[in-house]
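Reading through the structure tokens given below for one structure.
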Amino acid sequence: MLTHLVTPLLMCIGMGLAYLGAFAHPAPHHMPVAVVGSSRSAQLLAQSINDKAGGDLEVRTVAHRSTAVDQLKHQDIFGAYVPKGDGSGKGRGDAGDGNGQARVSGNAGATGNAGAAGDGRSAGDARTAGDARSAGAGNAATPELLVATAASDTSASVVQKIFTPLAAQQGAPLKVTDVAPTADDDPTGQGIFFLLVAISIGSYASVAVIGGAGAVLPIRLRAALAVGTSFVVSLIGTAFAGPVFHLVDHGLWGLWGMAWLYSAGILLIGTGLHTFLKRWTTLGVMALFVMLNFTSSGGIFRPEMQNGFFAALHSFWNGAGFVEGVRSHVYFDGYGLSGHLWTLALWLVVGVLMVGVAALAERRRRSAEAEAAANAAAVAAAAVAATVPEPAPKPVRGPVDDGVEEELEEAVGV
């Protein structure tokens, strides 16, 4: 009993190290953000923020607001600050309109047979009016912060805390614009993470049943059960995401496909591992698909908010592939989706290979057991032969012996 208690104690230690190590002290680490503007003041502001951040942020400048929006939707940055009075974006378009009106005004003056001086004044006045319109439209009344909560609500909150004091220095409230909002029934976007938890538990808990109760079955049948179970688990997860809790409002078929890839990878890997780990399989799959998986998935904190270890795991672990794949599919028009699908597919391939290795190991084990049983039988037979004496052979009788025996029988009346 004490030996079996080692497993839950190791689970306790592992969960504490993983969860507290990943979530206890979240802080930005080289988080990319942007300052919108091409002026000297925008560049100085970006440099000043960089210097004060001390490596927590990576601040860049982008010339236009539309460029910042594109980078947010591609998750290249996680916040973009538009300072008060910046003339980028709309200002450039308005300036173009002003210049066009200036040219029209000049031509109109020429068509009206105005004098050379009159033409110059007309064009100059028009250019001045165009510049005035450009400046008026381009200058933001209040500073604006662009975020994408679908990428990470916690990252958006951190960015807002960073730039709110800058807006206060300009004497204006900060306007926050969400360029990639989440579904109405999942305002924080963390429902995808808890969907990951449900699918993971259904998958690795099934490993214990298939490996334990199905241990007498051939490995190919256990693998088939694993694939079938992953199909059911993925359907349950899709039902949770769609009609039950409305975590996503479109793309359910794509979500189901990623859920199946994710669940099948876990079940096949766990089924293969059971051949080698036996009663330690539960601890092994929990370490792989809970302790290291949930903490590196990016569902609560993105890798930019974690230390280097979990940030590195995020780049190739299967939970991160599922979470980021669903985000990309549902909220970011499929940008970067292929990479996340490859991550899930590679984990499935690892599961298939693990089952193949387990099949070879079990075949060799059966051959070794059969050979050992044959050897044991041979040794037992030899031992029996050595300890039990053989019966003495019956003497061969000849004709004389038979005659003597007959005489004796007659003598005794037999």
Paramagnetic label zone (point 7 Å from Cα along Cα-to-C-beta, Ser39; backbone N under 19 Å) in the range 145-186: 145-146, 166-175
For Lys84, the lysines lying under 21 Å Cα to Cα, once residues fewer than eight places off in the same chain are dropped, come out as Lys52, Lys161, Lys175
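Gain in length, Thr3 to Ala386, computed as 0.36 nm per residue apart minus the alpha-carbon separation, to one decimal in nm?
Gain on extension, Thr3 to Ala386, equals 133.6 nm.
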R0 = 41 Å: FRET efficiency of Met11 with Glu371, Cβ-based, nearest 0.05? 0.60
Using the alpha-carbon centroid of each, what span in Å lies between the range 206-234 and the range 341-363? 14 Å
Taking the Cβ of Phe245 as the centre, find all other residues whose Cβ is under 13 Å away and add up their charges (Lys, Arg: +1; Asp, Glu: -1). -4
The range 296-370: chymotrypsin sites (Phe, Trp or Tyr not before Pro) in DSSP loop, at most 16 other beta carbons within 10 Å: Phe316, Tyr335
Be a star and scan the range 184-207 for residues whose amide nitrogen sits under 20 Å from the point 7 Å along the Cα-to-Cβ vector of Ile236. 191-207
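A short reminder: the numbers here are calculations on the coordinates, not readings from a lab. This is a predicted model, so every value here is computed, not measured. Ideal geometry is used to build each Cβ from the backbone, glycine not excepted, and the neighbour counts take in all protein chains shown.
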